[in-house]
Amino acid sequence: MLKRFFIICSGSDTDILETCSVGEQNKYAGIGATVFFTAVMAFIASSYALYTVFDNLYTAIFFGLIWGLLIFNLDRYIVSTIKKTGNVIDELIQASPRIILAIIIAIVISKPLELKIFEKEINQVLLEQKNDLTLANQQQIAEQFNPNIASLQGEIKGLQNEIDTKETEVNALYDTYIAEAEGTAGTKLLGKGPVYKEKREKHDALLAELQLLKKENKAKIATAENKIAELKGDYETQVVNTQPIISNFDGLMARVNALGKLPWLPSFFIFLLFLAIETSPILAKLLSPKGAYDFKLEDQETAIKTTVLQNTNQREVLLKTDYAINDRIYSDIENEEELYTYKRKKARELMQLQADAFYKHQKNAL
């Protein structure tokens, strides 16, 4: 039962193969088994690849099954169409499109399994890429907010400098009127004289301006600090909102690119393995000698071809003979007087009828 199934997978003619030896049947059963297991590998590889895309097991299995059946049908068809002619060059020419296609299929099949085999290494590469993307994302977002924050911080610094400058002036006037009262500077008269009162009044007026300036600037500073806090909150919110996009940066394309950053030799050997698996049916057929099945299949095909050519030639001869007979018949009756008289009589009647019809038409028109 299993042997017959693999023979069907090989695409060979089961009726012809049943008349061949057991060894010939085993050869084609082996070719069919290779075709079948290649399709199974294609199903597994494509299912995993699609699972990384859709993240749904049933969807991945469904489309993976379709892809596996497609590869199975394609392999079975191509293997069955390669005929053993005994000429190596002709057989290689027949197989060349299949070999090119095998390379493409081997790449398609091997890539998903490479992604699974080197999953840990790929995850490490993706982690480094995610970290770089996170830092770059934070920097890009910060560039949107930093100019406004820096401007507000500069505004705060300017307001604070105004207060500091005014305080310095007030402190200087304070030292001046205290020194005047102590007699260590100014008029150097001990006591609170007119000069002391003048300097004291000037200090008090400037102190009042300082207190008003502090009140106004502190309100402005509080407003600026609130804006800075708001901008920083917006920055954090935007970072949090964009982080899931970076965290989900592990799709099929990202993993393929990460695989490309790993050493190429292990991936190359895996590709060679699948290329060998994919080309094994055709290689087995090319390397095997021309067997009884090939002779019987060739005999059947040439017999049909000969029959078709014979029928075609017979139809051509019949057509040529019919042309010759018709030519002779028309040549013989060309000079018969009876036929001439009959056709002359009918032509005369036809012309009379045409003349009568023309006369009636003209008469009705008048």
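Values for this structure:
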{"read-out": "Unique residue being surrounded by 10 or more Cβ atoms within 10 Å (Cβ to Cβ) and basic (K, R) when the list is K345, K363", "value": "K345"}
{"read-out": "Filter result for L297 (out of contact with any Pro (no Cβ under 7 Å at 6 or more places or on another chain) and within 20 Å of L17 (Cβ to Cβ))", "value": "yes"}
{"read-out": "Residue within the stretch 122-136 that is basic (K, R), surrounded by 14 or more Cβ atoms within 10 Å (Cβ to Cβ) and in the same structural domain as A284 (by TED's automatic domain parsing) present", "value": "no"}
{"read-out": "Any hit, the stretch 73-95, residues being part of a helix (DSSP H, G or I) and in contact with a Phe, Trp or Tyr (Cβ under 7 Å, 6 or more places away or on another chain)", "value": "no"}
{"read-out": "Selected residue [in a loop (DSSP other than H, G, I, E, B) and closer than 30 Å to C20 by Cβ] from K285, K290", "value": "K290"}
{"read-out": "Subset of the stretch 116-165 [without any contact (Cβ under 8 Å) to a residue 24 or more places away in the chain, of a type in the set (G, A, S) and closer than 21 Å to G233 by Cβ]", "value": "A150, S151, G154"}
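The values are calculated or read from the model by the stated rules, or taken from the named source; none is laboratory data. Predicted, not measured: the structure shown is a model, and the values here were computed from it. Cβ coordinates were reconstructed from backbone atoms using ideal geometry, including for glycine residues, and neighbour counts include every protein chain displayed.
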